[in-house]
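Colleague: The structure is given below, and queries will be raised subsequently.
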Amino acid sequence: MRRRRYDVVVIGAGTAGLVAATRLAEAGADVCVVAKGVGSTHLAPGTIDVLGYAPERVDSPLAAIAELAAARPDHPYALLGTAVLGEAADWFIATAARGALPGYNYVGSLERNLLLPTAVGALKPSALVPESFAAGDARQLRRLAVVGTPLLRDFHASLCAENLQATGIDATPVSIEIEADRADASTLGLARRFDDPAWRAAFSARLAPLIKAADQVALPAMLGLADPHAVLTELEARLGRRVFEIPTLPPSVAGMRLFEILRQALLSAGGRLAFGAGVVSHLREGERVISVDTATAGSNTTFEAQAFVLASGGFHSGALTLDSHWQAHEELLGLPLHGVPAAGEQRFVPSYFDEQPLARAGVAVDSDLRATGTANVFVAGASLPGSVSWREGSGEGIALASGYRAAQVAAAELGAQVAA
């Protein structure tokens, strides 16, 4: 059994875990992220959706969050507050600006959501978005060319354009043939092609005659992995029009870029990342978790720490489970849950899209995000109770703010001062 000791161990490598770990490392803590693999970033669109619906579509997230917190005091935003959310958003924008992908900035604000087209032509509210999405705000779209290719089976330009037309946008589908082998028949494969200057120059030359009178050009999110800013800038120059990306089904190229920004920020701050390290057991003395054991190649590894941040997700990630006796559990540290229906109460309703009674379940915490019954475990992201993030469009906002706040509290208790 190998042993490693850190000031803080963060469990989970999604947005919440990486934000918490990076902030702790910036505060001077010796921190390590342990995870089985990447979190939800590779599945998500790469935007920071703070609050999109409450339940109607939200134009101003900050104003709506204040109302939501008053109506639902158990919601994560009620614990976090808008001041923490604002600080976290400012930190994230600054981190992205100096991050691993030069020029690939995040834009937007908490004052007003952008309305961005999805792959099916719906309009989705988002607060902070990559620069490559920003020109897609529906409020500024005029004559739009939606570009697709038969090579991609999960993005259909005609479907997207037709549904955008129903919202009042003058959208026209454009199809372009792309020759590629089977390995490149995805947005990820094509993103790697766009990283090649010669390939994207040839692509631009073939696309230019097809877009005709369009003022803006939309493509699936595939404009490079290594240097998306350069790809976007070059395409706009060659086409003479604003260009933007539309998120598609996983694997999410924009989500991978977000992960890389946060990963590099963590490493640059002196933090560490251990993949292939799923937590299988833990050691506890009274109210303090002393260590976690992880299943790693060769032999298990024990990670000891003064504090832990749990950012392992909810039911969707398997961090929360429901056993055959209808009992809900937090699988990694055995923490108590909040929001679970009592014995005999209804746990599910027949309609899939209605709110399920278990939907708001999560790890019980106090006002400092400390897990109930513990002295040194802090909870962030989808592990928190009180939200239905897929319905609210709030998941990444909660992840960002709670990861930021968990780091603040943990650093203060370690005697470190989080840098402004």
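The values are calculated or read from the model by the stated rules, or taken from the named source; none is laboratory data. All of these numbers come straight from a predicted model, not from anything done at the bench. Cβ sites come from the backbone with ideal geometry, for glycine too, and all protein chains shown count toward neighbours. Just so you know, the surface numbers come from the protein's heavy atoms only, side chains and all, with ligands and any DNA or RNA stripped out. Shrake-Rupley method; radii C 1.70, N 1.55, O 1.52, S 1.80 Å.
Colleague: Could you list all residues from region 364-398 that are open to solvent by 10 Å² or more (accessible area, probe 1.4 Å), under 22 Å from residue 330 (Cα atoms) and outside any loop (DSSP other than H, G, I, E, B)?
Modeller: Answer for region 364-398, where residues must be open to solvent by 10 Å² or more (accessible area, probe 1.4 Å), under 22 Å from residue 330 (Cα atoms) and outside any loop (DSSP other than H, G, I, E, B): 365, 370, 382, 389, 390, 395, 396.
Colleague: Please list, ordered by first then second residue, the pairs with beta carbon atoms under 6 Å, 6 or more apart or interchain, first in region 254-268 and over 11 Å from residue 95 (Cβ atoms) and modelled with pLDDT of 95 or more, second open to solvent by 10 Å² or more (accessible area, probe 1.4 Å) and part of a helix (DSSP H, G or I).
Modeller: 255/42; 256/42
Colleague: Select, from 155, 133, the only residue that is more than 20 Å from residue 58 (Cβ to Cβ), in contact (Cβ under 8 Å) with a residue 60 or more places away in the chain and not in a strand (DSSP E or B). Walk me through it before giving the result.
Modeller: Numbers: 133 fails: more than 20 Å from residue 58 (Cβ to Cβ).
The unique qualifying residue is 155.
Colleague: Taking the conditions exactly as written (farther than 25 Å from residue 316 by Cα, aliphatic (A, V, I, L, M) and either at pLDDT below 95 or touching a strand residue (DSSP E or B) at 6+ places or on another chain (Cβ under 7 Å) (or both)), does residue 29 satisfy them or not?
Modeller: Values: farther than 25 Å from residue 316 by Cα: yes; aliphatic (A, V, I, L, M): yes; either at pLDDT below 95 or touching a strand residue (DSSP E or B) at 6+ places or on another chain (Cβ under 7 Å) (or both): yes.
So residue 29 passes the test.
Colleague: If you don't mind, another one. Take the residues in region 236-253 that are over 21 Å from residue 197 (Cβ atoms) and either assigned to a helix (DSSP H, G or I) or open to solvent by less than 60 Å² (accessible area, probe 1.4 Å) (or both), then tell me which one is modelled with the highest pLDDT.
Modeller: 246
Colleague: When you look at residue 326, is it in a helix (DSSP H, G or I), free of Cβ contacts under 8 Å to residues at least 40 places away in the same chain and surrounded by fewer than 22 Cβ atoms within 10 Å (Cβ to Cβ), yes or no? I'd like the intermediate steps shown before the answer.
Modeller: On the way: in a helix (DSSP H, G or I): no; free of Cβ contacts under 8 Å to residues at least 40 places away in the same chain: yes; surrounded by fewer than 22 Cβ atoms within 10 Å (Cβ to Cβ): yes.
So residue 326 fails the test.
Colleague: Could we say that residue 341 is surrounded by fewer than 18 Cβ atoms within 10 Å (Cβ to Cβ), assigned to a loop (DSSP other than H, G, I, E, B) and not acidic (Asp, Glu) here? Don't jump to the end; show me each part of the working.
Modeller: Details: surrounded by fewer than 18 Cβ atoms within 10 Å (Cβ to Cβ): yes; assigned to a loop (DSSP other than H, G, I, E, B): yes; not acidic (Asp, Glu): yes.
Criteria met by residue 341.
Colleague: Examine region 255-272 for a residue that is assigned to a loop (DSSP other than H, G, I, E, B) and open to solvent by 50 Å² or more (accessible area, probe 1.4 Å), and state whether such a residue exists. Quick ask: steps written out before the conclusion?
Modeller: Step one: of region 255-272, the residues assigned to a loop (DSSP other than H, G, I, E, B) are 269-271.
Filter again for open to solvent by 50 Å² or more (accessible area, probe 1.4 Å), leaving none.
Among the residues of region 255-272, not one is assigned to a loop (DSSP other than H, G, I, E, B) and open to solvent by 50 Å² or more (accessible area, probe 1.4 Å), which makes the answer no.
Colleague: For region 193-229, which residues satisfy the criterion of being surrounded by fewer than 21 Cβ atoms within 10 Å (Cβ to Cβ) and touching a Pro at 6+ places or on another chain (Cβ under 8 Å)?
Modeller: Selection gives 227, 229.
Colleague: Is there a residue in region 160-173 that is outside any helix (DSSP H, G or I), closer than 21 Å to residue 235 by Cα, of a type outside the set (A, V, I, L, M) and open to solvent by 10 Å² or more (accessible area, probe 1.4 Å)? Break it down stepwise before answering.
Modeller: Kept after step one, since they are outside any helix (DSSP H, G or I), are these residues of region 160-173: 167-173.
Among the residues that remain, those that are also closer than 21 Å to residue 235 by Cα are: 171-173.
Checking the rest, the ones that are also of a type outside the set (A, V, I, L, M) come to 172-173.
Now restrict to residues that are open to solvent by 10 Å² or more (accessible area, probe 1.4 Å): 172-173.
Yes: region 160-173 contains one or more residues that are outside any helix (DSSP H, G or I), closer than 21 Å to residue 235 by Cα, of a type outside the set (A, V, I, L, M) and open to solvent by 10 Å² or more (accessible area, probe 1.4 Å).
Colleague: Still on this structure, please answer the following. Could you check region 117-129 and list, in sequence order, the residues that are among the hydroxyl-bearing types (Ser, Thr, Tyr) and in contact with a Pro (Cβ under 7 Å, 6 or more places away or on another chain)?
Modeller: 118, the sole residue that qualifies.
Colleague: Conditions: (1) surrounded by fewer than 18 Cβ atoms within 10 Å (Cβ to Cβ); (2) in contact with a Leu (Cβ under 7 Å, 6 or more places away or on another chain). Residue 312 meets all but one. Number of the miss?
Modeller: Every listed condition holds for residue 312 apart from (1).
Colleague: Just name the residue that is nearest to residue 244 (Cα to Cα) out of those in region 136-152 that are open to solvent by less than 50 Å² (accessible area, probe 1.4 Å) and assigned to a loop (DSSP other than H, G, I, E, B). Write out each step before concluding.
Modeller: In the first step, residues of region 136-152 are kept if they are open to solvent by less than 50 Å² (accessible area, probe 1.4 Å); the result is 136-138, 141, 144-149, 151-152.
Remaining after also requiring assigned to a loop (DSSP other than H, G, I, E, B): 136-137, 141, 149, 151-152.
Details: 136: 6, 137: 9, 141: 11, 149: 16, 151: 20, 152: 18 Å.
Here the answer is 136.
Colleague: Which ones in region 120-134 are farther than 23 Å from residue 230 by Cα, in contact with a strand residue (DSSP E or B) (Cβ under 6 Å, 6 or more places away or on another chain) and open to solvent by 10 Å² or more (accessible area, probe 1.4 Å)?
Modeller: Matches in region 120-134: 123, 124.
Colleague: Another one. Please state which of the following conditions residue 389 fails to meet, knowing it meets all the rest: (1) in contact (Cβ under 8 Å) with a residue 12 or more places away in the chain; (2) closer than 18 Å to residue 17 by Cα.
Modeller: Condition not satisfied by residue 389: (1).
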